[in-house]
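Here's the structure, in structure tokens; my notes come after.
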Amino acid sequence: MNNQNPIRIPELASTSLPRRAFLKGILAAGAVSAIAPGVILAAKGSGGKGKPRDGKKPSRKYTGEKVNLACVGIGNRGAQIIRAFHKTGLANIVAFCDTDMGAPHTESILKQFPDVPRFQDFRQMFDKMGKQIEAVCVGTPDFSHFPITILAMSLGKHVYVEKPMAHSFRQIELLMAAEKKYNVAAQMGNQGHSDANYFQFKTWTEAGIIKNVTRITAYMNSGRRWHDTPKFAYSKLTDYLPEQPVPDTLDWDGWLATAQAHKYNNGYMNGEWRSWYDFGNGALGDWGAHIFDTAHEFLDLGLPEEVDPVMLEGHNHFVFPQASTLAFRFPKRGAMPPLELTWHDGVKNIPTLPGDMGDPVGGTDIPPPSSGKIETKKLPPGKIIYGEGLTFKGGSHSSTLKIIPESKAADMASRLPEVPRSPSNHFANFLLACKGREKCRSSFAVAGPLCQMMGMGVIAQRLNTRLKFDRGTKQFTNSKAANELLRGAPRARTGSSIINCEANYTHAPKPGA
């Protein structure tokens, strides 16, 4: 990689810093190796209607029982999130923001809430309505989570962000630091953390039912957007998509947010961005958080010391592989033994499963995809957990674990501890945390390392290289290219864009560069 002119961290500790410069500095910092959130997050925001509290605890004085919620990203999954918040009865929807406001996929939510003020630029939304906004939900594509979230937190706003938290390891590190700095409620959208799966895993781990786990097999074998079809071979791409006219409703420059500059093509829109390394996180970033999230938290996995792309089928420099088997190797953690978690995606890349497993565990709360279908009739997304004396099968989202084989489950039934019921669903949990009544169950402190682990897997997919990682320094020890990808690729551009980086930044090198 050409890194002759690395982007530097600007001095952000001044007494007054314009908001645009604040964003510029925060994102430029994603391109440097040293992580210094204490310096980066020391910046004081500017004027405008929503002023940050310079590190002070946010006010807990609310005008009523409902939390004033602004929603950024209102189509597709964003619309589902808005409706889920509204259904709790705890949210007052006060603002909408979307770079494609008025497009077909936003029409239904706009009709449902016709009087909510609308914006195409989240910065303008904060400028004009900052005093009225208490919390923000972010339902935009993965690569644009970070700038919206970090600005909201700096202004003292509580934040709910869809998974994964951000697009790069470095961005996630900064968001975790911001959660501490600004003392706001911060929740990653990971519904299983507020339902039966979460409380069962926590209870069974504390009771010693799940113990000394050495191996986890996780799988998601449904068809994905980037899988080759008779009409289009994604795995044979040799360039990005050709330029098409930008729709009148779309702010394309705003949609790109922190991503590298691209010519508009509809093949990047409405969920198709998940296919591309520049925009999404593939099947792993999309589904891993719903499958092995509780194991990651309650088995204290943290970050792996090795990520090995055991098998990649249809590897490509632009879109995700047709199939992947990734091995994440975690060291001994306290009294817990080393653990290997293998991830399998791809329609035909079915993992080896126990012969006495029985029927797989399905899921009842999996949100419908914006296109395509989850193949729950074949092998629904799930996992096998191999512990001391017991093996468990599980599904996705809120699905609970089952002991296998059935004979062992029957033998253990009388010895299983009672599992408490959830006091609130994931959306109500966040809103109650905004009001100081509960704590976020999928806080950034919890979700951050999980997302960083998945991001490391994406880097191994992209480079098709076995990577070794130092958990202390948080750096790969055998790949400069991989370390560059930990930092991400801030967007180089000028003018009135969201980010105006001060140096050029090239694409990640191809394997072997």
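Things worth noting here:
- In segment 257-273, the residues that are farther than 11 Å from Pro242 by Cβ form Cβ pairs under 6 Å with partners that are crowded, with 17+ Cβ neighbours inside 10 Å and of a type in the set (Ser, Thr, Tyr), at six or more places apart or across chains, as follows: Ala257/Ser144.
- From the list Ile209, Ile172, the lone residue that is of a type in the set (A, V, I, L, M, F, W, C), on the phi < 0 side of the Ramachandran plot and buried (at least 23 other Cβ atoms within 10 Å of the Cβ) is Ile172.
- Failed criterion for Arg487 (all others in (1) surrounded by 15 or more Cβ atoms within 10 Å (Cβ to Cβ); (2) of a type in the set (Lys, Arg); (3) modelled with pLDDT of 95 or more; (4) over 16 Å from Ser324 (Cβ atoms) hold): (3)
- Within segment 204-253, restricting attention to residues that are modelled with pLDDT under 95 and small (Gly, Ala, Ser), the residue that is nearest to Pro337 (Cα to Cα) is Ser222.
- Qualifying residue in segment 240-248 (condition: in contact with a strand residue (DSSP E or B) (Cβ under 8 Å, 6 or more places away or on another chain) and aliphatic (A, V, I, L, M)): no
- Residues (touching an Asp or Glu at 6+ places or on another chain (Cβ under 9 Å) and closer than 20 Å to Thr217 by Cα) located in segment 275-298: Asn281, Gly282, Ala283, Leu284, Gly285, Asp286, Trp287, Phe298
Yes or no, residue by residue, for (1) buried (at least 20 other Cβ atoms within 10 Å of the Cβ); (2) among the small types (Gly, Ala, Ser); (3) without any contact (Cβ under 8 Å) to a residue 40 or more places away in the chain:
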| position | (1), (2), (3) |
| --- | --- |
| Ser443 | no, yes, no |
| Gly448 | yes, yes, no |
| Gly455 | yes, yes, no |
| Ala460 | yes, yes, no |
| Asn464 | no, no, no |
| Leu467 | yes, no, no |
| Asp470 | no, no, no |
| Ala482 | yes, yes, yes |
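- From Ile172, Ile216, residue being within 26 Å of Ser324 (Cα to Cα), out of contact with any Ser or Thr (no Cβ under 9 Å at 6 or more places or on another chain) and of a type outside the set (Phe, Trp, Tyr): Ile172
- Top-ranked residue in segment 175-195 [being more than 24 Å from Gly78 (Cα to Cα) and over 18 Å from the mean Cα position of the chain (by Cα); ranked as surrounded by the fewest Cβ atoms within 10 Å (Cβ to Cβ)]: Lys180
- Residue match in segment 332-342 (condition: small (Gly, Ala, Ser), surrounded by fewer than 22 Cβ atoms within 10 Å (Cβ to Cβ), free of Cβ contacts under 8 Å to residues at least 12 places away in the same chain and within 18 Å of Arg215 (Cβ to Cβ)): yes
- Only one entry in Ile93, Ile148 is of a type in the set (A, V, I, L, M) and farther than 30 Å from His262 by Cβ, namely Ile93.
- Scanning segment 391-409 for residues that are more than 21 Å from His296 (Cα to Cα) and of a type in the set (S, T, N, Q) yields a total of 1.
- Residue selection: Tyr234 satisfies the criterion of being within 17 Å of Gly280 (Cα to Cα) and touching a residue at least 60 places away in the same chain (Cβ under 8 Å).
- Some residue of segment 307-314 being outside any strand (DSSP E or B) and either closer than 30 Å to Gly75 by Cα or out of contact with any His (no Cβ under 8 Å at 6 or more places or on another chain) (or both): yes
- Residues within segment 163-179 that are in contact with a strand residue (DSSP E or B) (Cβ under 7 Å, 6 or more places away or on another chain) and within 22 Å of Ile291 (Cβ to Cβ), tallied: 2
The values are calculated or read from the model by the stated rules, or taken from the named source; none is laboratory data. Computed from a prediction, not measured in an experiment: that's the story for all the values here. Glycine also receives a Cβ, built like all others from the backbone with ideal geometry; neighbour counts cover every protein chain displayed.
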